[in-house]
Amino acid sequence: RFIVGKEEIPTHSYSPETAYTKVEQKTKKQEKPRRMNVISLVRKLVDSVCKHGPRHRCCKHYEDNCISYCIKGFIRMFSVGYLIQCCLRIPSAFRHLFTQPSRLLSLFYNKENFQLGAFLGSFVSIYKGTSCFLRWVRNLDDELHAIIAGFLAGVSMMFYKSTTISMYLASKLVETMYFKGIEAGKVPYFPHADSIIYSISTAICFQAAVMEVQTLRPSYWKFLLRLTKGKFAVMNRKPLDVFGTGASKHFQDFIPRLDPRYTTVTPELPIKFS
């Protein structure tokens, strides 16, 4: 709801003849002269471009037409993604405030800041734009639109390739489909099914951290190292190379010390007993 907005919450199918018609109340307010700044200029530009755009009767964004609805959604979520990445980098930036003051500039101009913003902004705009387009084409609002729009919005992952986000979205899709199936009476109810789905998705992420570390984002890998106090990095991954995933690709210099009494192959660095 926070990302795509309450207007895009899937509802049952209905036609414009039975759609809810909301009475728009227009009130005239005298606005005080404001100092022109970047925000007001952008807002003025958006209003001028999207002023005369159309809005389908099935669309629930009563205050905006379909064009401005998509553009404002992109700007809003791009700003949210940019600010989130900036806030996450503030602690590390202030540690180097006196030793390397130039690193403060990278806090605002870092590539990942814009990547997350582009991902969230394009995801929302594609989702909303597809939903509006399907309402115009089919002349009704349908839950099927959300599935198609979400599928196309997944293209935005090209801006921010994250295994964690992909797994989260996939698990939420399975969870949503499961509970929808329960509501329709086609799927049996299992106690704590949501916890089981979360556990399976977490297990897949951990499996990737062992077998394919290169597929994880560096920030998530650092998080796992902090969480396990570095234990993830001291695993013997060389025997796992037979599966062809390149498990030891980034750990070529690590050789574990093993007790030869409990190994079938002579270890490279055996434990020496005093």
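The values are calculated or read from the model by the stated rules, or taken from the named source; none is laboratory data. This one's a predicted model, so the numbers in the text were calculated from it and none came from an experiment. Virtual Cβ from ideal backbone geometry, glycine too; neighbours counted across all protein chains shown.
Give the residue that is farthest from Ile165 (Cα to Cα), with candidates limited to residues of the range 229-262 that are hydroxyl-bearing (Ser, Thr, Tyr) and surrounded by 13 or more Cβ atoms within 10 Å (Cβ to Cβ).
Taking the candidates together, the pick is Ser248.
Select, from Cys59, Cys132, Cys86, the only residue that is among the hydrophobic types (A, V, I, L, M, F, W, C), farther than 30 Å from Lys222 by Cβ, outside the structural domain of Met177 (by TED's automatic domain parsing) and part of a helix (DSSP H, G or I).
So the residue among Cys59, Cys132, Cys86 that is among the hydrophobic types (A, V, I, L, M, F, W, C), farther than 30 Å from Lys222 by Cβ, outside the structural domain of Met177 (by TED's automatic domain parsing) and part of a helix (DSSP H, G or I) is Cys132.
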Quiz item: Within the bounds of the range 170-193, is there any residue that is buried (at least 16 other Cβ atoms within 10 Å of the Cβ) and over 22 Å from the mean Cα position of the chain (by Cα)?
Solution: yes
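Being over 13 Å from Lys128 (Cβ atoms) and either surrounded by 14 or more Cβ atoms within 10 Å (Cβ to Cβ) or among the aliphatic types (A, V, I, L, M) (or both) is the filter here; which residues of the range 142-153 pass it?
Residues satisfying the conditions are Asp142, Leu144, Ile147.
Would a scan of the range 135-155 turn up a residue that is among the polar types (S, T, N, Q) and within 11 Å of the chain's Cα centre (by Cα)?
no
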Quiz item: Which numbered condition trips up Ser248, out of (1) at pLDDT 85 or above; (2) among the polar types (S, T, N, Q); (3) touching a Cys at 6+ places or on another chain (Cβ under 9 Å)?
Solution: (3)
